[in-house]
Amino acid sequence: MSSILPPAKRIWWKEPVEKLEVWWIVIAFLWALVLFFMMPYWHVFGKQNLSNEAYRISAAQFQQKTQEMVDKYTVRTETELNIPVVQPPAGSDVYLIARLWQWWPILELEKDKTYRLHLSAMDYQHGFSLQPENINLQVVPDYEMVVTITPNKTGSFAIVCNEYCGIGHHQMVSRMYVK
Ligand code: CUA
């Protein structure tokens, strides 16, 4: 029989379920439970799944706050990217803009100091991914995501956009310095 022909007239939903299929349903259900409980587990015992707060904010307001920080604390310009490097005081609120197709500015933070990192998008949804630490957060327009971070290693960390945002998505990379 081919699928072009109409199906045989039978009450298919009343037939007994195959044993093998029952096993697959059981396995899938157990695996779903494992994944479900991994979420709270990883939040409490892992170091990547950070608690975040979200607040409504317009793109213009967020841009203004970021600009204020950049005006006050820029220490140099990364010449090949033409993006300011900002060194905000330890313990302060720091801002990072995601937009087509750039992270702005570059933050330079101090090791073992705590900061409140604010993230927002100016246009479409982007994804903040800090590597190799593997900290991942959604960045959406009209909301600011706030996370408390305490860098515990010095160095240069990569920021990549991990949410497809158009033709320049693969170029939306930046870095964060910790010293
Ligand atoms: Cu921004 Cu992909």
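Yes or no, residue by residue, for (1) away from the ligand (no atom under 16 Å from the Cβ); (2) touching a helix residue (DSSP H, G or I) at 6+ places or on another chain (Cβ under 7 Å); (3) of a type in the set (Asp, Glu):
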site: Lys65; (1), (2), (3): yes, no, no
site: Val75; (1), (2), (3): yes, no, no
site: Trp104; (1), (2), (3): no, no, no
site: Lys111; (1), (2), (3): yes, no, no
site: His126; (1), (2), (3): no, no, no
site: Leu130; (1), (2), (3): no, no, no
site: Glu144; (1), (2), (3): yes, yes, yes
site: Val147; (1), (2), (3): yes, no, no
site: Ile159; (1), (2), (3): no, no, no
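Of the candidates Ala59, Ala8, Ala90, the single residue that is loosely packed, with under 13 Cβ neighbours inside 10 Å, touching a Lys or Arg at 6+ places or on another chain (Cβ under 9 Å) and of a type in the set (A, V, I, L, M, F, W, C) is Ala90.
If the condition is being in contact with a strand residue (DSSP E or B) (Cβ under 9 Å, 6 or more places away or on another chain), in a loop (DSSP other than H, G, I, E, B) and touching a residue at least 40 places away in the same chain (Cβ under 8 Å), then the stretch 163-179 contributes Cys165, Gly168, Met172, Lys179. Pairs meeting the criteria (first residue in the stretch 74-93 and touching a residue at least 60 places away in the same chain (Cβ under 8 Å), second residue part of a loop (DSSP other than H, G, I, E, B), beta carbons under 8 Å, at least 6 apart or on different chains) are Ile83/Pro105; Val85/Pro105. Counting only strands (runs of 3 or more DSSP E) wholly contained in the stretch 114-162, the ones carrying 3 or more residues that are out of contact with any Ser or Thr (no Cβ under 6 Å at 6 or more places or on another chain) and within 14 Å of Tyr95 (Cβ to Cβ) occupy 115-121, 143-149.
Each value in this text was obtained by applying a stated rule to the coordinates, not by laboratory testing. Being a predicted model, the structure only gives us computed values, none of them experimental. Positions of Cβ are backbone-derived with ideal geometry, glycine not excepted, and every protein chain shown enters the neighbour counts.
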